[in-house]
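The values are calculated or read from the model by the stated rules, or taken from the named source; none is laboratory data. None of the values given here were measured: they were computed from a predicted structure. A quick note on method: Cβ atoms are made from the backbone with ideal geometry, for glycine too, and the neighbour counts reach across all protein chains shown.
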Amino acid sequence: MKNIKYIIAVFTLALSVVLTSCGSKKNQESETNQEVGTAAQTEEEGNGHNSEEGIHLTKEQANTIGLEFGDLSTIKINDFVHATGSLGLPPNALSSVSAKANGILKSTKKYVEGNYIKKGDVIAYLENTEFIVTQQDYLEAKAQLNLKRLEVERQKTLVESNAGVTKNLQNAQAEVAVLEAKTQGLAKQLSFLGISTSDLSPSNIRQQIAIVAPMSGYISKISFHNGMYAQSSVSLMDIISSEHLHLELDVFEKDIASIKKGQKISYTVPALGQTIYYGSVDVIGKEFNSDSKTVRVHGHLDGVKPQFLKDLFLNAKIFLTNVETTALPEKAIIKDGESSYIYVARNQKDATEIQFEKINVLPGSTDNGFTAIKLLDTIPEGMKIVTKGAYYVNAQSKAGELEHEH
């Protein structure tokens, strides 16, 4: 019994020691946390404006950098509308070459896609025995026609001397008319094939005709080879003339009211580099594309033209002349990567410190030191725009961000 009482007494004493130790540790932690919080608060109070949201400058700093404030200006500036599109051609600038008759291709020239070809250049020769037969028929009809004309003259002489029969004269005249029609028809067929009848004789009958380029331009497609049987209904080659090259631009419906004939265009073809080319608005389309929400605008090319590649993508700017727009001095706008913004503040005379806010903007074209802008954020009431010294304010902002990171 005494042993049991002794064990209970020892257990109670140990429990008391443990509880006392935990309580002491908890109090120490609480005191430590309180000291750390007090120190942080003291440091924050010492730094003042660095912990608050925004950018601050003292009046002295603002005067040193020559800080100036102003408002948005409404001026006439050469603003522009963005557009995308491609280099295009009118329908008559594209020509398909096909054989004028069926036949076998011979002596084809070694053209490749992209080659420049002149009007009248021989592409290949077409061979067909029917060409021989047509020339033969023409020469026979021509010979018979000459003979019948002599017969008509003879019959006329007989009739005039009362030694002939009028019916024979009439029959001869009818045969002449038939042979004339046949001869003319065959001559037209041969002319269509490219065979001249002016010097055609039995000694120079041809079994081949030349297939020639109908226009000058660049070859965009070739679909033939030597020895191939060509059909008149199948295209052998496509030729594109770049003489009437023009811009085909897609302008969004919100901008189309600002587009006028004669407005200047600058454009780049990304696939060909960053060279800037120029043109002007020529025709504004009358059809609205409900899928892309755009209207097609056609433009003339001015000056140096880019290398033509059909349907090659391009970026363009259509400049809007004498258009009033919202603008700011160019140096008031800060560009940071893809973003652009301005700084605004309350310029209070009795304040010892100026606090700035950042306003996101979308810049447009620049003319005479002013840049057209569109506000993406609202300027708070009573605030003015930093029109001079924005670069220094931005530098202070960057410096504050670095200090905050440390």
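State which residue is surrounded by the most Cβ atoms within 10 Å (Cβ to Cβ) when the search covers only region 244-281 and only residues that are acidic (Asp, Glu) and more than 16 Å from LEU314 (Cβ to Cβ).
Among those residues, the one meeting the criterion is ASP255.
Restricting attention to region 312-321, does a residue exist that is part of a strand (DSSP E or B) and more than 21 Å from the chain's Cα centre (by Cα)?
Taking region 312-321 as the starting set, the residues that turn out to be part of a strand (DSSP E or B) are 313-321.
Now narrow it down to the ones that are more than 21 Å from the chain's Cα centre (by Cα): 321.
Yes, region 312-321 has at least one match.
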*Give the residue that is farthest from THR294 (Cα to Cα), with candidates limited to residues of region 205-238 that are of a type outside the set (Ser, Thr, Tyr) and in contact with a helix residue (DSSP H, G or I) (Cβ under 9 Å, 6 or more places away or on another chain).*
ILE205
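Going by the conditions given, is THR129 more than 30 Å from GLU243 (Cα to Cα), of a type in the set (Ser, Thr, Tyr) and surrounded by 12 or more Cβ atoms within 10 Å (Cβ to Cβ)?
Taking the combined requirement at face value, the residue does not satisfy it.
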*Read through the list (1) buried (at least 18 other Cβ atoms within 10 Å of the Cβ); (2) at pLDDT 90 or above, then give the number of the only condition that LEU169 fails.*
(2)
*Within region 333-392, work out how many residues are in a loop (DSSP other than H, G, I, E, B) and either touching a residue at least 60 places away in the same chain (Cβ under 8 Å) or farther than 19 Å from GLN61 by Cβ (or both).*
16
*VAL159 fails exactly one of the following numbered conditions: (1) in contact with a Leu (Cβ under 9 Å, 6 or more places away or on another chain); (2) under 20 Å from THR129 (Cβ atoms); (3) free of Cβ contacts under 8 Å to residues at least 12 places away in the same chain. What is the number of that condition?*
(2)
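One line per residue, one yes/no per condition, for (1) in contact with a Gly (Cβ under 8 Å, 6 or more places away or on another chain); (2) of a type in the set (A, V, I, L, M):
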position: THR58; (1), (2): no, no
position: PHE69; (1), (2): no, no
position: LEU87; (1), (2): no, yes
position: PRO90; (1), (2): no, no
position: SER96; (1), (2): no, no
position: ILE117; (1), (2): yes, yes
position: GLU127; (1), (2): yes, no
position: THR134; (1), (2): no, no
*asked:* Here is a list: LEU179, LEU193, LEU200. Which entry is touching a residue at least 60 places away in the same chain (Cβ under 8 Å) and more than 50 Å from the chain's Cα centre (by Cα)?
replied: LEU200
*asked:* Being under 23 Å from LYS110 (Cα atoms), over 42 Å from the mean Cα position of the chain (by Cα) and either assigned to a helix (DSSP H, G or I) or β-branched (Val, Ile, Thr) (or both) is the requirement here; does ILE209 meet it?
replied: yes
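Which members of region 245-297 meet the condition of being part of a loop (DSSP other than H, G, I, E, B) and either in contact with a Lys or Arg (Cβ under 7 Å, 6 or more places away or on another chain) or of a type in the set (Asp, Glu) (or both)? Working first, answer last.
Initial filter on region 245-297 (part of a loop (DSSP other than H, G, I, E, B)): 245, 253-255, 259-263, 269, 273-276, 290-293.
Answer for region 245-297, where residues must be part of a loop (DSSP other than H, G, I, E, B) and either in contact with a Lys or Arg (Cβ under 7 Å, 6 or more places away or on another chain) or of a type in the set (Asp, Glu) (or both): LEU245, GLU253, ASP255, ASP291.
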*Here are some conditions: (1) exposed (fewer than 13 other Cβ atoms within 10 Å of the Cβ); (2) in a strand (DSSP E or B). ASP199 meets all but one. Which one does it not meet?*
(2)
_Residue count for region 307-329, restricted to those that are at pLDDT 85 or above and either surrounded by 15 or more Cβ atoms within 10 Å (Cβ to Cβ) or farther than 23 Å from ASP255 by Cβ (or both)_ = 9
*Among the residues of region 95-117, which ones are over 33 Å from the mean Cα position of the chain (by Cα), part of a strand (DSSP E or B) and of a type in the set (Gly, Ala, Ser)?*
GLY103
*Please indicate, with yes or no, whether at least one residue in region 149-160 is assigned to a helix (DSSP H, G or I), at pLDDT 90 or above and of a type outside the set (Gly, Ala, Ser).*
yes
*asked:* Looking only at region 169-196, how many residues end up being assigned to a loop (DSSP other than H, G, I, E, B) and touching a helix residue (DSSP H, G or I) at 6+ places or on another chain (Cβ under 8 Å)?
replied: 2
